[in-house]
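Colleague: For reference, the structure I am asking about is given below.
The values are calculated or read from the model by the stated rules, or taken from the named source; none is laboratory data. Keep in mind that what you see is a predicted model, and the values were worked out from it rather than measured. Quick reminder, even Gly has a Cβ in these numbers, built from the backbone with ideal geometry, and neighbours come from all protein chains shown. In case anyone asks, the SASA skips ligands and DNA or RNA and just uses the protein heavy atoms, side chains included. Shrake-Rupley method; radii C 1.70, N 1.55, O 1.52, S 1.80 Å.
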Amino acid sequence: MERCSLCGTPLETDETACSYCKHPVLKKIKTLDPPNPPSSSRRLLSFITVFVIGLGSVGTWYGLTQTESTHTTLAPPVQASPIADWSDEMSAYNQTYSSEDPPASYDVLKFVRQYTKTVPETATYSKTTDTLETFSAIQFATLETFHSEVAALQTIQAASDSPIPPRPHTVDFERFVSNGASFQIKTVETYQLTRSAGQHLVTYDVRYNVRLHTDHLQITHIVRTEVKA
């Protein structure tokens, strides 16, 4: 039984004041603690929170690191102009560019195609009788590239037994890849040789790496593979 906290008089149930001293009776209000969630639920909630924060961090990092220079554009196959149309083209070697005025895809393809006209000269290059200045294309290709071409084109020189130099027969573009400052071009090139036994064709699969060097285009690498008949 509860008693008055002031005088000790027994209190009846639900009395609001002591019947003897009239001291108010203060009822204690019990508060119920919220039930603790099961440990498995707490672990699941923690995992979801950490996953969401981690996913957001990865997304932010990816968005900041992706720039236009990391994207590569693959153009559809491009066919070369007929060889009869080459002679009246403006020389691609005299064109200058800048980061504000970069070359268009056609400019790069024309540059490579016009380079193929120097291939017969390159094939007959002789260090004892010629100089590097003989070929106007040299400044538009690295010296290492030029020397690798000389070695790769010995097949043309060996297959020709006529004073008539080889000449381009067909040049077809199969692939063009660009990221704005460097370019990759794949071609199939066929050259016609004059031999005592008649005409002879030599075909190559060729891969070019071209870059915008200072203010003009420059070939930095060529891989030439002969296609056996």
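Colleague: Round to the nearest 0.05 the FRET efficiency obtained for T155 and S91 when R0 = 25 Å and r is the Cβ-Cβ distance.
Modeller: For R0 = 25 Å, the calculated efficiency reads 0.35.
Colleague: Further question: For the stretch 93-227, state the semi-axes of the equivalent ellipsoid (square roots of 5 times the eigenvalues of the alpha-carbon gyration tensor), sorted largest first and rounded to whole angstrom.
Modeller: One finds semi-axes of 27, 17, 12 Å for the stretch 93-227.
Colleague: Full-extension gain between K117 and N179, please, as 0.36 nm times their residue separation minus the C-alpha to C-alpha distance.
Modeller: Stretched fully, the K117-N179 segment lengthens by 19.7 nm.
Colleague: Scan around H213 for amide H atoms under 5 Å from its own, H built in the peptide plane at 1.01 Å from N, and keep only partners 5 or more places away or cross-chain.
Modeller: Placed amide hydrogens put Q218 under 5 Å from H213.
Colleague: In the stretch 168-195, whose amide N lies under 12 Å from the spot 7 Å out along Cα-to-Cβ of T203? List them in ranges.
Modeller: Inside the label zone: 170-172, 188-191.
Colleague: Considering the zone a paramagnetic label at R211 would reach in this model (a point 7 Å from Cα along the Cα-to-Cβ line), which residues of the stretch 90-108 have amide N under 15 Å from it?
Modeller: Residues passing the 15 Å test: 99.
Colleague: So, with a 1.4 angstrom probe, what is the percent of accessible area on the stretch 93-227 that is carbon and sulfur?
Modeller: Carbon plus sulfur share of accessible area: 50 percent.
Colleague: If you count the DSSP beta bridges with both ends in the stretch 109-229, what percent of them are antiparallel, to the nearest 5?
Modeller: About 95 percent, rounded to the nearest 5.
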